[in-house]
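Student: Okay, handing you the structure first.
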Amino acid sequence: MSGKKLHFGIIGAGRIGKVHAETLAFRLPEAEIVCIADVNREAAQTLAARCGIPKMVATAEEVIGDSKVEAVLICTPTGTHADLIVQAAKAGKQIFCEKPIAFSLEKIDMALAAVAKAGVKLQIGFNRRFDSNFRRVRQAVAKGEIGQPCLMHIISRDPAPPSISYIRTSGGIFLDMMIHDFDMARFLIGDEVEEIYTTGGVIAEPEIGEAGDLDMAVVVLRFKNGTIGTIDNSRKAVFGYDQRVEILGTKGKIASENRFPNEVVVSTGEAIYCDRPLEFFMDRYPESFALEVAEFVQAVIENKPTPVTGADGRVPVVMALAAKKSFDEHRPVKLAEVSA
Ligand SMILES: NC(=O)c1ccc[n+]([C@@H]2O[C@H](COP(=O)([O-])OP(=O)(O)OC[C@H]3O[C@@H](n4cnc5c(N)ncnc54)[C@H](O)[C@@H]3O)[C@@H](O)[C@H]2O)c1
């Protein structure tokens, strides 16, 4: 480490690459971006100019090979993550990688083995754990404020689907979208899920079905401690980003609602209404995106474990694979069937 500043290389200058680059450039004095790469030169160029990044390179390999780079931020499509983690680990870089680690457990295990062998740190981008609402829900469960958790409901709906080209490489609704909610479920309850039952369909966006994916999915989770949960995902909620959680316990319930750009309520002779919730993940979760990277930097500088480890990155993929199997086979699936 060079002093108290961590020097980053960013790989991928798309939607999430921009979010993280802006955090590092404008919100984190302990971080400095050394270089950025994107196969789309123009995307890298635009982001480099916006964030004052001094060096733009053509490939991920050049970022990883740059001796000034101490930590890499992997923001490329999911299919590339595991191989980039292996390369970065072999080069001795600290690693922050977007979710999910990979589509298959074989790839994940290969990546985690490389990280363990190199002794570098790895954090996976499950940003919602850093959201102040969800942190408070977790705190209430952990402190026993609502007694023993009995029922948990996670509602997680996007305002509009991503592009069909994104859908095609995303891994599908369970590995791409519900993966956040799988992580949230085990984070909030503080226990592991043992069985999943899924139903889903293509209802609002036929194009998503033509691309081989679902646009609606609901899973029922049974935790080892007996808690029963549901997760409800939709790729389209026309009124905005719908991100809510409710947990019923033996001594009460805790609920977190959507966030709004303002708290104004307009009351007229005809109706009482307010504005739509914050539009999408960049608007709803900026604080959590900044905090997750800040805690990664802190973990590296202070040589502490990262707050979302590689093992935390693996379990939601097991859950997603079980959910997909349940959908395909129309039956409840135990996680042990997917990963021993
Ligand atoms: N944590 C979150 O809330 C969140 C939100 C969005 C996306 N993501 C994850 O981030 C990843 C990227 O998603 P996105 O929405 O930013 O996608 P995106 O398509 O907007 O951006 C990906 C970028 O990577 C570039 N790229 C592709 N292959 C590359 C390579 N080999 N080397 C360098 N650049 C390469 C593309 O040109 C593109 O600019 C996905 O794994 C996704 O699951 C996480």
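Student: Assigned to a loop (DSSP other than H, G, I, E, B), of a type outside the set (Gly, Ala, Ser), under 29 Å from Glu145 (Cα atoms) and in contact (Cβ under 8 Å) with a residue 24 or more places away in the chain: which single residue out of Leu291, Leu278 fits that description?
Tutor: That would be Leu278, the only listed residue that is assigned to a loop (DSSP other than H, G, I, E, B), of a type outside the set (Gly, Ala, Ser), under 29 Å from Glu145 (Cα atoms) and in contact (Cβ under 8 Å) with a residue 24 or more places away in the chain.
Student: Among the candidates Lys68, Lys5, Lys18, which residue alone is of a type outside the set (A, V, I, L, M, F, W, C), more than 20 Å from Gln298 (Cβ to Cβ) and more than 10 Å from the ligand (Cβ to nearest atom)?
Tutor: Lys68
Student: OK, next. Which one of the conditions (1) farther than 24 Å from Val297 by Cβ; (2) charged (D, E, K, R); (3) in contact with a strand residue (DSSP E or B) (Cβ under 6 Å, 6 or more places away or on another chain) does Lys99 fail to meet, given that it meets all the rest?
Tutor: (1)
Student: So which of Ile179, Ile208, Ile231, Ile167 is within 15 Å of Met152 (Cβ to Cβ) and in contact (Cβ under 8 Å) with a residue 24 or more places away in the chain?
Tutor: On inspection, the qualifying residue turns out to be Ile231.
Student: Report whether or not Asp213 is within 15 Å of the ligand (Cβ to nearest atom) and under 26 Å from Val333 (Cβ atoms).
Tutor: Yes: the conditions hold for Asp213.
Student: Another question, if that's okay. So Lys107 passes all but one of these: (1) free of Cβ contacts under 8 Å to residues at least 40 places away in the same chain; (2) within 16 Å of the ligand (Cβ to nearest atom); (3) among the basic types (Lys, Arg); (4) in the same structural domain as Lys253 (by TED's automatic domain parsing). Which condition number does it fail?
Tutor: (4)
Student: With away from the ligand (no atom under 13 Å from the Cβ) and under 23 Å from Ala320 (Cβ atoms) as the only criterion, which of Ile95, Ile53 stands out? Show your work before the answer.
Tutor: On the way: Ile53 fails: under 23 Å from Ala320 (Cβ atoms).
Exactly one residue qualifies, and that residue is Ile95.
Student: For the range 167-213, give me the residue count where each residue is over 19 Å from the mean Cα position of the chain (by Cα) and hydrophobic (A, V, I, L, M, F, W, C).
Tutor: Adding up the residues that qualify gives 6.
Student: Given the residues Val34, Val19, which is the only one that is assigned by TED's automatic domain parsing to the domain that holds Glu62, over 21 Å from the mean Cα position of the chain (by Cα) and hydrophobic (A, V, I, L, M, F, W, C)?
Tutor: Val34
Student: Another one. Please count how many residues of the range 78-92 are in contact (Cβ under 8 Å) with a residue 60 or more places away in the chain and either more than 8 Å from the ligand (Cβ to nearest atom) or crowded, with 24+ Cβ neighbours inside 10 Å (or both).
Tutor: The number of residues fulfilling the criteria is 1.
Student: Still on this structure: Do the conditions hold for Glu22, that is, is it surrounded by fewer than 21 Cβ atoms within 10 Å (Cβ to Cβ) and in a helix (DSSP H, G or I)?
Tutor: Criteria met by Glu22.
Student: For Gly190, indicate whether it is on the phi > 0 side of the Ramachandran plot and away from the ligand (no atom under 14 Å from the Cβ).
Tutor: Spelling it out, Gly190 is indeed on the phi > 0 side of the Ramachandran plot and away from the ligand (no atom under 14 Å from the Cβ).
Student: Next question, about the same structure. Of the residues Arg259, Arg331, which is surrounded by 14 or more Cβ atoms within 10 Å (Cβ to Cβ) and basic (Lys, Arg)? Talk me through it step by step, then tell me what you get.
Tutor: Working: Arg331 fails: surrounded by 14 or more Cβ atoms within 10 Å (Cβ to Cβ).
That would be Arg259, the only listed residue that is surrounded by 14 or more Cβ atoms within 10 Å (Cβ to Cβ) and basic (Lys, Arg).
Student: Is there a residue in the range 136-155 that is of a type in the set (S, T, N, Q) and more than 16 Å from the ligand (Cβ to nearest atom)?
Tutor: Within the range 136-155, the subset of a type in the set (S, T, N, Q) is 139, 148.
From what's left, more than 16 Å from the ligand (Cβ to nearest atom): 139, 148.
Yes; the residues of the range 136-155 include at least one that is of a type in the set (S, T, N, Q) and more than 16 Å from the ligand (Cβ to nearest atom).
Student: Now for a different question. Give me a count of the residues in the range 29-77 that are assigned to a loop (DSSP other than H, G, I, E, B) and touching a residue at least 40 places away in the same chain (Cβ under 8 Å).
Tutor: 9
Student: Which condition breaks for Gln243 when tested against (1) more than 30 Å from Gly119 (Cβ to Cβ); (2) touching a Phe, Trp or Tyr at 6+ places or on another chain (Cβ under 7 Å); (3) crowded, with 21+ Cβ neighbours inside 10 Å?
Tutor: So the condition that Gln243 fails would be (2).
The values are calculated or read from the model by the stated rules, or taken from the named source; none is laboratory data. If you're wondering where the values come from, they're calculated on a predicted model, not measured in any experiment. As a convention, Cβ positions derive from the backbone with ideal geometry for all residues, glycine included, and neighbour counts pool all protein chains shown.
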